[in-house]
């Protein structure tokens, strides 16, 4: 009986090559991203808290530019600096999204019909991930294209940049308690009520239509939940899973690159051409509204919202602007808006953008008194 146990265990392992390969890939990818890049970077940002940042859209400048340089060069340099700040997070987002897509096509997500619980489940998964709202888009796209739920993907997207433990610690250290409380109450409301409520309402109106396959189509035609096949050789299963992941990564990479280039150009134009010092010089309802639109639009890396808000507070900028940027900068942006517009629901993209613009404006007005 003892001699038979190793043979029995080996036989059982051969029956489950696919989940073992997917699990090993997931652990390897997360371990590499977390410990070699993301958390060391976040701790470095925490040490930099209270010091000036290169820009509201990137923490450090790869290419230098100054006020005396031509406008075209300042825009080009800002584009390159933004892309440099996003390259690691976006690369992880594409790889993680492809892995999620592959996993969900083999083993569909068993999730209930309660949209509110689904959103919370996605948020819980997003807490340790440590990716910004922009870099979370390929992962969210992998969920929805793998026949996952939209509210789960959005719960992940809103949770990852805001409820990461290091970001929460930075927020508590940098901002007054009233601002911290206001920000996180709004975020909890978004995840537990706004997102599932909007999706449920739009689904009843048949205005949520998920894209579940890219142009190659076949990448989404994988069999769901295959039964154990103990006769499949390891290398054969490995080639199959690797091929599926490569196709899914390519399907995510193409739109991601185009969205990144578009977002970098839009962010660079706004950063260079908008008279930010004049806009933030005096508090008024119209200035708050303009700032809220720009801040909600702006795609920024993780934790830049806290760092920029802290910098504004240190410079004596009106508290309304500090609260506005702490709430809207980095929580949502043009990048998830484009994803929702293309893959999920145009009304949902517009409604969420409008929600954050109005919320940022109202909070700015509340903290300006």
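Here are a few things to note about the model shown:
- Note on residue 87 and residue 290: with the Förster distance fixed at 41 Å, the Cβ-Cβ geometry gives a FRET efficiency of about 0.85.
- For the chain, the fraction of alpha-carbon pairs in successive 10 Å shells from zero, as %: 5, 24, 31, 23, 11, 5, 2, 0, 0
- Here the residues 178, 337, ranked from fewest to most Cβ neighbours within 10 Å of their Cβ, fall in the order 178, 337.
- With neighbours defined as other Cβ atoms within 10 Å of a residue's Cβ, the residues 361, 82, 341, 286 order from fewest to most as 286, 341, 361, 82.
- Choice from 282, 205, 342 showing the highest fluctuation, given a GNM over the chain with Cα pairs closer than 10 Å: 205
- Fully extended contour minus Cα-Cα distance, from residue 261 to residue 351, at 0.36 nm per residue: 30.0 nm
- At R0 = 45 Å, FRET efficiency that the Cβ-Cβ distance of residue 169 and residue 273 yields, to 0.05: 0.80
- Full extension of the chain between residue 192 and residue 63 gives 42.3 nm of extra length, using 0.36 nm per residue less the Cα-Cα distance.
- As a calculated quantity, the FRET efficiency between residue 71 and residue 282 at R0 = 30 Å, using C-beta atoms, amounts to about 0.70.
- Compared with the dominant principal axis of the Cα atoms in the chain, helix 39-48 is inclined by about 10°.
- Label-point gap, in nm, between residue 246 and residue 113 - each point 7 angstrom along Cα→Cβ: 4.2 nm
- Added length on full extension, which subtracts the Cα-Cα distance from 0.36 nm per residue, residue 127 to residue 15: 37.0 nm
- Residue-averaged [θ]222 nm for the chain, counting only DSSP H segments that reach four residues, each worth -39500 (n - 2.57): -21500 deg cm²/dmol
- Nitroxide proxy distance, nm - points 7 Å out along Cα→Cβ at residue 235 and residue 39: 3.7 nm
- On Cα atoms only, tilt of 234-273 relative to the major axis of the chain in degrees: 10 degrees
- With neighbours defined as other Cβ atoms within 10 Å of a residue's Cβ, the residues 280, 324 order from fewest to most as 280, 324.
- With respect to the chain, whose longest principal axis is taken over its alpha-carbon atoms, helix 136-145 is tilted by about 40°.
- When the P(r) of the stretch 220-369 is calculated, the portion above 27 Å amounts to 40% of the C-alpha pairs.
Throughout, read-outs are computed from the coordinates displayed, never taken from laboratory work. What you see is a predicted model, and the numbers here were worked out from it, not measured in a lab. Using ideal geometry, Cβ is built from the backbone for each residue, glycine included, and neighbour counts are taken over all protein chains shown.
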